[in-house]
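See structure below.
The values are calculated or read from the model by the stated rules, or taken from the named source; none is laboratory data. Bear in mind the structure is a predicted one, so any value in this text is a computation, not a measurement. Quick reminder, even Gly has a Cβ in these numbers, built from the backbone with ideal geometry, and neighbours come from all protein chains shown.
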Amino acid sequence: MTRITVTVDGQKNVDDVEPRTLLVHYLRETLGKVGTVVGCDTSNCGACTVHLDGRSVKSCNVLAVQADGHEVTTIEGIAANGELHPMQQAFHECHALQCGYCTPGMIMQAIDLLNDNPNPSEAEIRAGLEGNLCRCTGYHNIVKAVAQVAGQKGGE
Amino acid sequence: MTAVDERPAEIGNRRLRKEDQRLITGRTKWTDNITLPGMVHLAMVRSPFAHATITSIDTEEAKSAANVVAVYTAADFPDGIGACANAWPITPDQVTPDHLPLVGERVACAGEIVAVVVARSAAAARDAAELVDVEYDELPAVFDALEAMKDEILAHPDKGTNKSAFWKLDSAEAGTGGDVEEALAAARNDGVVIERNYRQQRLIPAFMEPRSTVVDPTGEQITMWSATQIPHILRFLIAATTGIPESKVRVIAPDVGGGFGGKLQTTPEEFITLAVARRLGKPAKYTETRSESLVSAHHGRDQYQKLTLSATKDGVVTGLKVELIANLGAYVAIIGGGVPVLGAWMFNSIYKFPAYQFNCQTVLTNTTWVDAYRGAGRPEATFGIERIMDDLAAELGMDPLELRERNWITHEEFPFTSVAGMTYDSGNYEAATARAKVLFGYDALRAEQKQRRESGDPVQLGIGVSTFTEMCGLAPSRVLGSLSYGAGGWESAAIRMLPTGKVEVITGTSPHGQGHETAWSQIVADRLGVPFEDVEVLHGDTQIAYKGLDTYGSRSLVVGGEAVVRAADKVIEKAKAFAAHLLEANPDDLEFKAGRYEVKGTEAGIGITEVALATFASHNYPEGIEPGIDADATFDPDDFSFPHGTHLCAVEVDTETGQSRIRTYACVDDIGHIINPLIVEGQVHGGLVQGIAQALWEEAVFDENGTLVTGSFVDYTLPTAADTISFLTENTTSPSTTNTLGTKGVGEAGTIASTPAVVNAILDAVRHLGVQDVVMPCTPERVWKAIQGASAAAETTAEAQPHFDADAGNADTGSTGEGNDQ
């Protein structure tokens, strides 16, 4: 077992983990952060996407020990003071989710995408979400939601 | 419908979904999120062989591994643990191999479970599963349906044949039309006959949430949470096949992450988790990995289609003969045999064909079992007919839309009884097509196509047409009974009027992304005149919604939503007696409007929620009436509903690389009255991409040993945002007459319509180069090869796609059995 200290959604956690433990399993099984989900075994689907020190990572592709000393933000940590994050609000307004299983990862990736490129074209949005699979929406409304947030930011 | 004075009508409103709040904040209750005290975790040991006898299983090493609680094989359950049932034997003599959850003697497909490891953690269970030593004697195996038809290698040797059932519908015999052989003979003499073989490749539903089951055997009822579309059917089949009294079983489908038919199943994993939990007396959880899901959750499609179409020289179709061979996989799944048969009523589609015959042979193979995948039988049928209609148009040199118009049912002719014997309630193909052409820019794209063709542009433009209809809303119980379907098609609803003015709606449907909580709230808000926010929709728990037939076949709104309407009307009627009593008026003098009972011609009135409070107290209520206004209702429709639409797709094909790129996709769907346009658009978008994915990207491929080559998301290529485009979607409205809301199903429409639109577009782009067919998925390699092949053999005619007879071998050039060629 290895001792790690990881701040998750603002909460500092100290735990002993098996070195092989994936970050997503640490989040779900040790911390009960079940908002982040697992969709595949091959890092293709992106359902487990979280932010590590502010950058999106697929948490099935990061060991918990690699997060030692770092900050993790999950879907459960982006709404502040009862206010939804603008990306969450846009997903709601644009009907950018149906079953909702891909949604946590998709929202975390979309936030990262706009951090990188605040004014993306539709093609850039689509390319930026390529690592996250959704089986319900056909992506149409997800792309719309991301564009809506980008538009709001551009107007500020 | 009740008019609401103060608020705009909810029906038709683009209400944002109630469901979203928990889903966008990560507060969702997926089955895998559930943890219970003392819970054990399961890992399955699966056969790597497609067909083999199990000669020994050594579990000793696994049993002694760290944190392992138990290891079980079939031998540990001599009385069995239930069975995966077939609920729809399509013929009385259908060959239906027993499908046991835990196999002890012989595996019939790769992925079958031969042992289960139980441990304190999922990781420990998986580690120990590697230590279970299973010895197999491999048996000859058959994978491809055409090979299976030969009965040379048997998927189940004890059955003596691979042929499961043969099912036929003939319009002359049924009295619904003429003799198809006569029509074909006449056209061979003086007309046009088009003969085609099409391939519906095998797909994998690939819902995003892997299946998961938790069973808690403590307490008086055994509780099972499962990622399923069918909690009620699951409960029934657990009771029916294990002997556990139904009253001792509670099944909960909590939040379920997509299904698309893929979770319309009772699974080996559910029965095994149940058995382990009962044996140990402890809560047990099993969650599959994605690779397990792809090989062991059921697959979809997999048909060989032979179509023969006859027409006059001016394009009036005179007959259609359909011969299908459908690969069921290793077992006849819950409705696996019936799925291809659903096509029987759909190959004739929107057309007035005078003669029609449908033949379907189902066959068993040593592959993953096949069952419903979004559309289930109707996408296959729509693909076949829309492909051959385009081929006929090309043969006659007609515009494909003109050809369709020449043959379709005109809007004045509804209700129309089709040559397959179905009565289409309503529709307007002219209106949907006219609108779609405008939306798409049909004429301009045709002009561009002409220009590119004339200039010899290496990037050619193709326009694909798909005018589809489907039967949806499974369905009339009597019809299902006449087809030997094992269950009914009714749906149940209940409404509870709470004393504080809130309303609980219980539905027997079981959503997994469709937005029932929102749409049902809209219906009830309008009907009862209560605020949308005050309605709570409860579902997916057999203890709460004790009765129901769940969600599939675009049935939830048209059957389940109508049940909600009927329950609401009963509440209104029951509350009326109380309202009259409280108002000291004659019930006949009351009028219910906007949530209030008013005495006609006076100011006196009382709200329905006030009546609810009064019945809660029940201090003052009429004699001879029980004190309560809650109501339930069961609705069984008289008929299906028949949505339709016109889908137009423009594809650019790079003739030098074979790469296809969808440029524009426009569709106009007629789904009757719309409860929530936002949800409808979402359903169409998602459906479109699943259908487009069949055309361009997806295929389940087995190698020559029966190993699933596309066993992870690396190889089973779901489309990404970067592969797809934004769509142009609109609606026309021909209200259904089979439910009072006038609604038709929409969940499957996009998937049913889009596949042939895309393939037709690709062919339209390269047909002038001599290409007549590209097998799906139309990868760049296949398109490029088709172009090269066509130009190499200047004369490419019918010989390029031989009909499937025994001598022709495997007509599919890209699928099962030749994975090495990929």
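Tabulated values for the structure
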{"read-out": "Flag for A:Ala127 being under 26 Å from B:Leu688 (Cα atoms) and more than 7 Å from chain B (Cβ to nearest Cβ)", "value": "no"}
{"read-out": "Every pair of residues 6+ apart whose Cβ atoms lie under 7 Å, when the first sits in the stretch B:202-224 and is within 28 Å of B:Thr367 (Cβ to Cβ) while the second is outside any strand (DSSP E or B) and among the aromatic types (Phe, Trp, Tyr)", "value": "B:Leu203/B:Tyr373; B:Ile204/B:Tyr716; B:Pro205/B:Phe260; B:Pro205/B:Tyr373; B:Ala206/B:Tyr716; B:Phe207/B:Phe260; B:Met208/A:Tyr101; B:Glu209/A:Tyr101"}
{"read-out": "Residue match in the stretch A:144-152 (condition: more than 29 Å from B:Pro254 (Cβ to Cβ) and at pLDDT below 95)", "value": "yes"}
{"read-out": "Residue within the stretch B:758-780 that is within 14 Å of another protein chain (Cβ to nearest Cβ) and not in a loop (DSSP other than H, G, I, E, B) present", "value": "yes"}
{"read-out": "Residues that are part of a helix (DSSP H, G or I) and either among the small types (Gly, Ala, Ser) or farther than 16 Å from A:Cys102 by Cβ (or both), drawn from the stretch B:18-34", "value": "B:Gln21, B:Thr31"}
{"read-out": "Complete set of residues in the stretch B:245-264 that are under 10 Å from the mean Cα position of the chain (by Cα) and of a type outside the set (Phe, Trp, Tyr)", "value": "B:Gly259, B:Gly261, B:Gly262, B:Lys263, B:Leu264"}
{"read-out": "Wholly within the stretch B:35-76, strands (runs of 3 or more DSSP E) carrying at least 3 residues that are surrounded by fewer than 21 Cβ atoms within 10 Å (Cβ to Cβ) and at pLDDT 95 or above", "value": "B:52-58, B:68-73"}
{"read-out": "Any chance B:Ala585 is outside the structural domain of B:Thr469 (by TED's automatic domain parsing), part of a loop (DSSP other than H, G, I, E, B) and of a type in the set (Gly, Ala, Ser)", "value": "yes"}
{"read-out": "Residue selected from the stretch B:714-729 under the condition of a type outside the set (S, T, N, Q) and in contact with a strand residue (DSSP E or B) (Cβ under 7 Å, 6 or more places away or on another chain), by the criterion nearest to the other protein chains (Cβ to nearest Cβ)", "value": "B:Phe727"}
{"read-out": "Only one of B:Leu274, B:Leu307 that is crowded, with 24+ Cβ neighbours inside 10 Å, modelled with pLDDT of 95 or more and of a type in the set (A, V, I, L, M)", "value": "B:Leu274"}
{"read-out": "Residue list for the stretch A:59-105, filter: surrounded by fewer than 24 Cβ atoms within 10 Å (Cβ to Cβ), in contact (Cβ under 8 Å) with a residue 40 or more places away in the chain and either in a strand (DSSP E or B) or more than 10 Å from chain B (Cβ to nearest Cβ) (or both)", "value": "A:Val62, A:Leu63, A:Val65, A:Gln66, A:Asp68, A:Gly69, A:His70, A:Glu71, A:Thr73, A:Pro86"}
{"read-out": "Selection from the stretch B:584-598 of residues that are more than 18 Å from B:Met497 (Cα to Cα), surrounded by 14 or more Cβ atoms within 10 Å (Cβ to Cβ) and touching a strand residue (DSSP E or B) at 6+ places or on another chain (Cβ under 6 Å)", "value": "B:Ala585, B:Asp589, B:Leu590, B:Glu598"}
{"read-out": "Filtered residue count, the stretch A:130-142, keeping only those that are of a type outside the set (A, V, I, L, M, F, W, C), part of a loop (DSSP other than H, G, I, E, B) and at the interface with chain B (Cβ under 7 Å from one of its Cβ atoms)", "value": "5"}
{"read-out": "Residues of the stretch B:167-222 classified as among the hydrophobic types (A, V, I, L, M, F, W, C) and either in contact with a Phe, Trp or Tyr (Cβ under 7 Å, 6 or more places away or on another chain) or within 14 Å of chain A (Cβ to nearest Cβ) (or both), total", "value": "8"}
{"read-out": "Single unsatisfied condition, B:Pro97 versus (1) crowded, with 23+ Cβ neighbours inside 10 Å; (2) within 30 Å of B:Ala284 (Cβ to Cβ)", "value": "(1)"}
{"read-out": "First in the stretch B:602-629 and in the same structural domain as B:Asp534 (by TED's automatic domain parsing) and more than 11 Å from B:Ala579 (Cβ to Cβ), second anywhere and part of a loop (DSSP other than H, G, I, E, B) and among the polar types (S, T, N, Q), Cβ under 8 Å, 6 or more apart", "value": "B:Leu613/B:Thr500; B:Pro627/B:Ser618"}
{"read-out": "Enumeration of residues in the stretch A:9-56 that are away from chain B (no Cβ under 12 Å), hydrophobic (A, V, I, L, M, F, W, C) and in contact (Cβ under 8 Å) with a residue 40 or more places away in the chain", "value": "A:Leu23"}
